[in-house]
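See structure below.
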Amino acid sequence: MCLHDHTPAVPVAAVPRRGILAGAAALAGISVAGLAAQLGSAPAAKAEGNAANPGYPGRPASPPPLIIEGGTIVDPKTGGVVEDGVLVLEGGKVTAVGSREETRREVAALAGRARIVDASGRWVLPGLIDVHVHANALSDAGAILQGGATSVRSGSSSFYQDVALAALPVWAAGASPRMSPAGLFVSPELGDSLLADPDLAPLASLQGGVTEPTDLAYLTRVNLKRGAQVIKTRANPRAGLAEQDPRELVYGYEQLSAVVKAAGKAGVLCHAYSAEGIDGAVRAGVRSIEHGVFVSEETISRMARRGTYFTPTMDAITSMARSSNPVLAARGEEYTPVIRAAVRAAHEAGVTVVAGTDSFGSDVTPIGTEVRLLAEAGLSPLDALRAATVNAAALLGWSGNAGRLVRGAFADAVIVDSDPLNSASALEQISAVVAQGVLVRNTL
């Protein structure tokens, strides 16, 4: 719901186009060497450059192998399970998964080298995916990981911090979730985010902000040039700011079409609340609708036909009802039954629902909470799980790598205390999180 104003009052130094890792560490107030020390990773071996960053003379370090055994391994795509299963992670990938017999050779080959995690009596899932977060610092990334999301899509950042965070996993496994960065919010008022790149200077002179299609396309291209892999824009104002009316129109069909065209294959996620705003965004060709409270039946049908994804950000919307601000509390009470009905209607119509928390900074809603709320809105536990795994992976273009524990997939996993196929609330009971092969959370 974008509760917060994402433009800081005090500018942060712009992240340089080169040296992204150093920029990310600087934003968090530590050195690259200090980051590696915190994670306990081996020092990078010296080399004459590498594919990950030709300008840096070191090589990324690979975490030691990890074997998770004894738990019930769940496949969200099929709903199938392997009891007393074994998951082998090495070199940042799943190298084996299945029964003890099916994985015995891989396990034997790692004898004495791999760390063993006993998941007996628990359930092992692929790392969860949150498709709407706002992460601006290492502490934000760490909080997201602790909540169980090992892959995320950014909903924008203020100074391209998400682009820098996206570069971290290659160099410092476990420092940040895998991230599809969005860069700056394509919105009329950029505020101090204009200082994120000198190429944005021409936009500072615009009267009324960034509203013309040519200027929207320009801002979109600057984002892509800086490393954005997806573009975030809006149709309506924020619901979480009492002084704004989330049903007013900010960008219409023509403006959103300009953003979609400039974004190309990167795709666009669109913040939208009103029926008019949502419909204009879907007709313009956005990849996903974020929030979408007042989506109409006609637009739901159009989303199903076009393959438009729906990210209802349930917790961000329903939690307004608990606000101390009377305007926000009233909105929360009004919007909660509406968004629940929208989720049910969209799911029944064949629209792909995905899980996104709209977490901002270190104020992170665990992705498991969003999954539970989707189930409470009418999805089955399995469909709610899919919203944070296979469906989300498809949206990010990461099918085959994320969302399932299969050979060759990312070395990301979570261990939960109860059966997620029986109750969606199981994803709120996380015992361990593995990100990029590193055990970043362990309460076993």
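I'm trying to understand the selection: among the residues of the stretch 264-280, which are buried (at least 24 other Cβ atoms within 10 Å of the Cβ), farther than 24 Å from Val390 by Cβ and aliphatic (A, V, I, L, M)? Once the filter is applied, which keeps residues that are buried (at least 24 other Cβ atoms within 10 Å of the Cβ), farther than 24 Å from Val390 by Cβ and aliphatic (A, V, I, L, M), the stretch 264-280 yields Ala272, Ile278. Given the conditions (1) over 25 Å from the mean Cα position of the chain (by Cα); (2) surrounded by fewer than 17 Cβ atoms within 10 Å (Cβ to Cβ), which single one is not true for Ala96? Every condition holds for Ala96 apart from (2). Of the set (1) assigned to a helix (DSSP H, G or I); (2) open to solvent by 40 Å² or more (accessible area, probe 1.4 Å); (3) over 23 Å from Ala196 (Cα atoms), all apply to Arg221 but (3). Going residue by residue through the stretch 355-373, is there one that turns out to be more than 17 Å from the chain's Cα centre (by Cα) and touching a residue at least 60 places away in the same chain (Cβ under 8 Å)? No. With a requirement of 1 or more residues that are without any contact (Cβ under 8 Å) to a residue 40 or more places away in the chain and more than 21 Å from Ser288 (Cβ to Cβ), the helices (runs of 4 or more DSSP H) lying completely within the stretch 81-187 that satisfy it span 100-109, 138-146. Scanning the stretch 417-438 for residues that are over 16 Å from Leu87 (Cβ atoms) and surrounded by 24 or more Cβ atoms within 10 Å (Cβ to Cβ) turns up Ala424, Leu427. Restricting attention to the stretch 367-379, the residues that are open to solvent by 10 Å² or more (accessible area, probe 1.4 Å) and either over 15 Å from Ala342 (Cα atoms) or touching a Leu at 6+ places or on another chain (Cβ under 8 Å) (or both) add up to 2. Quick check, is Val88 modelled with pLDDT of 55 or more, in contact with a Gly (Cβ under 9 Å, 6 or more places away or on another chain) and crowded, with 19+ Cβ neighbours inside 10 Å? It is false that Val88 is modelled with pLDDT of 55 or more, in contact with a Gly (Cβ under 9 Å, 6 or more places away or on another chain) and crowded, with 19+ Cβ neighbours inside 10 Å. Among the residues of the stretch 380-411, the ones that are open to solvent by less than 10 Å² (accessible area, probe 1.4 Å) and in a loop (DSSP other than H, G, I, E, B) come to 5 in all. For the stretch 240-260, the count of residues that are crowded, with 22+ Cβ neighbours inside 10 Å and modelled with pLDDT under 95 is at least one. Quick check: is even one residue across the stretch 206-213 of a type in the set (Gly, Ala, Ser), without any contact (Cβ under 8 Å) to a residue 24 or more places away in the chain and open to solvent by 50 Å² or more (accessible area, probe 1.4 Å)? Looking for residues that are of a type in the set (Gly, Ala, Ser), without any contact (Cβ under 8 Å) to a residue 24 or more places away in the chain and open to solvent by 50 Å² or more (accessible area, probe 1.4 Å), one finds at least one in the stretch 206-213, hence yes.
Among the conditions (1) over 17 Å from Val438 (Cβ atoms); (2) part of a loop (DSSP other than H, G, I, E, B); (3) not hydrophobic (A, V, I, L, M, F, W, C), Pro63 misses just one, which is (1). Scanning the stretch 324-345 for residues that are closer than 22 Å to Val133 by Cα and either touching a residue at least 60 places away in the same chain (Cβ under 8 Å) or open to solvent by less than 50 Å² (accessible area, probe 1.4 Å) (or both) turns up Leu328, Arg331, Gly332, Tyr335, Thr336, Ile339, Ala342, Val343. Taken together, the residues in the stretch 214-253 that are touching a residue at least 40 places away in the same chain (Cβ under 8 Å), out of contact with any His (no Cβ under 9 Å at 6 or more places or on another chain) and basic (Lys, Arg) amount to 3. Tell me, which residue of the stretch 224-239 that is of a type outside the set (A, V, I, L, M) and open to solvent by 10 Å² or more (accessible area, probe 1.4 Å) is farthest from Gly155 (Cα to Cα)? It comes out as Lys225. Within the stretch 284-296, one or more residues are charged (D, E, K, R), touching a Gly at 6+ places or on another chain (Cβ under 8 Å), open to solvent by less than 50 Å² (accessible area, probe 1.4 Å) and on the phi < 0 side of the Ramachandran plot. Only a single criterion out of (1) surrounded by 14 or more Cβ atoms within 10 Å (Cβ to Cβ); (2) at pLDDT 50 or above; (3) on the phi > 0 side of the Ramachandran plot is not satisfied by Gly19, namely (2).
The values are calculated or read from the model by the stated rules, or taken from the named source; none is laboratory data. A quick note: this is a predicted structure, and the numbers were derived from the prediction, not measured. Note that we place each Cβ from the backbone using ideal geometry, even for glycine, and neighbour counts take in every protein chain shown. Remember, those area values only see protein heavy atoms, side chains included, never the ligands or the DNA or RNA. Shrake-Rupley method; radii C 1.70, N 1.55, O 1.52, S 1.80 Å.
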